[in-house]
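Since the structure comes first, as structure tokens, the remarks are kept for the end.
The values are calculated or read from the model by the stated rules, or taken from the named source; none is laboratory data. Note that the coordinates shown come from a computational prediction; the quantities given were computed from them, not determined experimentally. All Cβ positions, glycine included, derive from the backbone under ideal geometry; neighbour counts span all protein chains shown. Accessible surface areas use protein heavy atoms only, side chains included; no ligands, DNA or RNA. Shrake-Rupley method; radii C 1.70, N 1.55, O 1.52, S 1.80 Å.
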Amino acid sequence: MTTASKITLVRVFMIPLVMIAMYLSKGVSGLWMWVALGLFVIASVTDFIDGQIARKCNQVSDFGKFLDPLADKLLTIAVMTMFCEWGRFPAWALMLVLTREFAVTGLRLVAVEQGRVIAAAKSGKVKTACTMVGIILMLIFPSATLRLVCVAVILVTTIYSGIEYFIKNKDVLAKGTM
């Protein structure tokens, strides 16, 4: 296993820690919320670090192409779910995010059956970055207006990137229906 993939696995193992800290905070600003924020920021930074290492050290692998976006999805969806529980993220918005994630994952599975790996697209990376920054802002600031803006940015980038994946990879679906 490459160093980049090991760093990605650290992100996966940090998810329960973020969730526990959020749970202990009970949605109220205080020590546990700051712990949750710190853990989330560290986990988010590992996304950048593993990508840099993979590219600079020639450690790009099919396993990494699979694991990295999965780790991002698990981390961000876990926090958005807790936000839903606290009434800070609409359930319908989370459902749109989940729908996009399942659809893109399904597209990737069809591509794998055809011997092809669909790596994260630039729009997917922008979506992930916007989602992570939005979550960080929502953890720091309790403003309803800021929350609305963050949810809107998360949804716009999520929907755009999902559509782009399907447009750029329409040949995968065309082959899959034959």
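Here are the numbers for the structure shown:
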item	result
Sole residue being at pLDDT 90 or above and either of a type in the set (Phe, Trp, Tyr) or surrounded by fewer than 18 Cβ atoms within 10 Å (Cβ to Cβ) (or both), chosen from VAL18, VAL35	VAL35
Selection from region 88-107 of residues that are of a type outside the set (Val, Ile, Thr) and under 24 Å from LEU137 (Cα atoms)	ARG88, PHE89, PRO90, ALA91, TRP92, ALA93, LEU94, MET95, LEU96, LEU98, ARG100, GLU101
Extreme residue, nearest to ARG100 (Cα to Cα), among residues of region 21-32 that are free of Cβ contacts under 8 Å to residues at least 24 places away in the same chain and crowded, with 19+ Cβ neighbours inside 10 Å	ALA21
Members of region 42-59 found to be open to solvent by 50 Å² or more (accessible area, probe 1.4 Å) and part of a helix (DSSP H, G or I), listed by number	ILE42, VAL45, PHE48, ILE49, GLN52, ARG55, LYS56
Helices (runs of 4 or more DSSP H) within region 60-178 that include 3 or more residues over 20 Å from SER44 (Cβ atoms), without any contact (Cβ under 8 Å) to a residue 40 or more places away in the chain and open to solvent by 40 Å² or more (accessible area, probe 1.4 Å)	91-113, 144-168, 170-176
